[in-house]
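Written below as structure tokens is the structure these notes are about.
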Amino acid sequence: MRYSEEELIGILNNNGVDFTCSLPCEKIGNLLALIGENFFHAPLTREEEGVGICAGAALSGRRPAMFVQSSGIGNMINALLSLTGFYQLPLALFVSRRGIYKEKIEAQIPMGKKLPGILDGAGIHHTAVNTRKDFRLIGKRLEEIYTKSRIHAFLLSPAIWEKSEVSVQHPSVRTKDAKKRIEHESHTGQQTHSPQLTRFEILNIIAPHLDSKVVVCNLGFPSKELFHIKHQPSHFYMLGSMGMVTPIGLGVALTSKKHVIVIDGDGSLLMNPGSLATAAYFSPENLTIFAIDNGSYGSTGDQPTFTKSCVDLASVARGFGIKNIVKVADEKGLMDVMKGSGKGLRFVHVLAIPGNKDVPNISLHHLEIKKQVQDFLRHNDF
Ligand SMILES: Cc1ncc(C[n+]2csc(CCOP(=O)(O)OP(=O)(O)O)c2C)c(N)n1
């Protein structure tokens, strides 16, 4: 018997889908790996960008499909309406709908639950795909999307993939990408750094130096790992809103005297790189941005980001106008950074080995996280 993922790939093939884009959700990790093997596939830095790429592909007569998380629809809505819908271009949206089935991350609930209402409000038709039996609804709709130039969203419940264990390891791709990354660095004349530490090891080295600092930490495993290693009331753990960690840190730094440490990730920074320009413009003395760059969307299954192949985040930060930039890849480099002066906006590019530590979810309620940080800032802002 075929797995759900393979059945869906078959339906897409039968309906002539020939162009795909995605930004990962861990629930569809296996599906995404198969998509990459079966179709032309563009990995995205931000879901909104995919709407543009698919519009361009549709202008060339392609049949585009996007694979995103429900949260990603929030990043796409303007482009869906003012581009795809406005010009009547076809687009099939396969949305991993979170927040409705055995959800462990509460921040997924607002977008996931409200998604049908948001789509209704936008006039985008949608079909709930709650079990594998509902796959029969997809083929007919796909035909309409491409022959009548419509947008249609298939809302995929995580229940569909629950029993599927389709095997999708791609070590050869990873090795090739890792090599490319080193070649890229030599090519651009930068010193070649090879990562020595995982994110968890990096956080372990940084943690003792965080006392009395405000820490804003990236969503997913970074926050879970930091909470496991060390918790202080001054830690703001992000549970959703990918791409917002540097903006939140900047907001605190601009309004408080406390030193603010941002712990960002390559995938999240690439989703919202413009925040580095805003940070550079204000250059707050009390802000340090750590970009832990494991070359992948580590929290959703290690799908490669472009730092693995063509992007150097230190150069990006420099290009946006940040002056004080350090690149480190090992414990000694990191220790030197932690001992160094904390004055002036700093961007610390930390190259990391992919991998997550198996740690429990954060046991604090999100409103408690907010209250602790607010209380800390109220009573300690000197
Ligand atoms: C708008 C949006 N799209 C997708 C996701 C799913 N998601 C959660 S964490 C994550 C990966 C973040 O990668 P990175 O910032 O590189 O951090 P890492 O987990 O690798 O440390 C993704 C894609 C999301 N939460 N929100």
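The values are calculated or read from the model by the stated rules, or taken from the named source; none is laboratory data. These numbers were taken from a predicted model, which means no experiment stands behind them. Here the Cβ positions follow ideal geometry from the backbone for every residue, glycine too, while neighbour counts run over all protein chains shown.
General remarks:
- If you check 264, 336 for being more than 10 Å from the ligand (Cβ to nearest atom), of a type in the set (Asp, Glu) and either assigned by TED's automatic domain parsing to the domain that holds residue 208 or in a strand (DSSP E or B) (or both), only one passes: 336.
- Residue 104 being more than 14 Å from the ligand (Cβ to nearest atom) and either out of contact with any Leu (no Cβ under 6 Å at 6 or more places or on another chain) or outside any helix (DSSP H, G or I) (or both): no
- Residue in region 235-254 that is away from the ligand (no atom under 16 Å from the Cβ) and touching a Gly at 6+ places or on another chain (Cβ under 7 Å) present: no
To keep it simple, each residue is scored yes or no on (1) at pLDDT 95 or above; (2) under 17 Å from residue 11 (Cβ atoms); (3) hydrophobic (A, V, I, L, M, F, W, C).
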{"position": "37", "(1), (2), (3)": "yes, yes, no"}
{"position": "50", "(1), (2), (3)": "yes, no, no"}
{"position": "59", "(1), (2), (3)": "yes, no, yes"}
{"position": "65", "(1), (2), (3)": "yes, yes, yes"}
{"position": "75", "(1), (2), (3)": "yes, no, no"}
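- Checking each residue in region 13-26 for being over 19 Å from residue 90 (Cα atoms) and surrounded by fewer than 23 Cβ atoms within 10 Å (Cβ to Cβ) picks out only 26.
- Close pairs (8 angstrom Cβ cut-off, 6 or more residues apart or separate chains): outside any loop (DSSP other than H, G, I, E, B) in region 286-310, of a type in the set (Val, Ile, Thr) and at pLDDT below 95 anywhere: 304/173
- Residue check for residue 342: at pLDDT below 95, away from the ligand (no atom under 16 Å from the Cβ), in the same structural domain as residue 207 (by TED's automatic domain parsing) and surrounded by fewer than 21 Cβ atoms within 10 Å (Cβ to Cβ): yes
- Check on residue 314, surrounded by fewer than 18 Cβ atoms within 10 Å (Cβ to Cβ) and away from the ligand (no atom under 14 Å from the Cβ): no
- Enumeration of residues in region 24-49 that are in contact (Cβ under 8 Å) with a residue 60 or more places away in the chain and either under 23 Å from residue 134 (Cα atoms) or of a type in the set (A, V, I, L, M, F, W, C) (or both): 24, 25, 26, 27, 28, 29, 30, 31, 32, 33, 34
- Some residue of region 281-290 being among the hydrophobic types (A, V, I, L, M, F, W, C), within 15 Å of the ligand (Cβ to nearest atom) and either closer than 16 Å to residue 248 by Cα or surrounded by fewer than 16 Cβ atoms within 10 Å (Cβ to Cβ) (or both): yes
- Positions within region 49-69 being more than 14 Å from residue 22 (Cβ to Cβ) and under 19 Å from the mean Cα position of the chain (by Cα), in sequence order: 52
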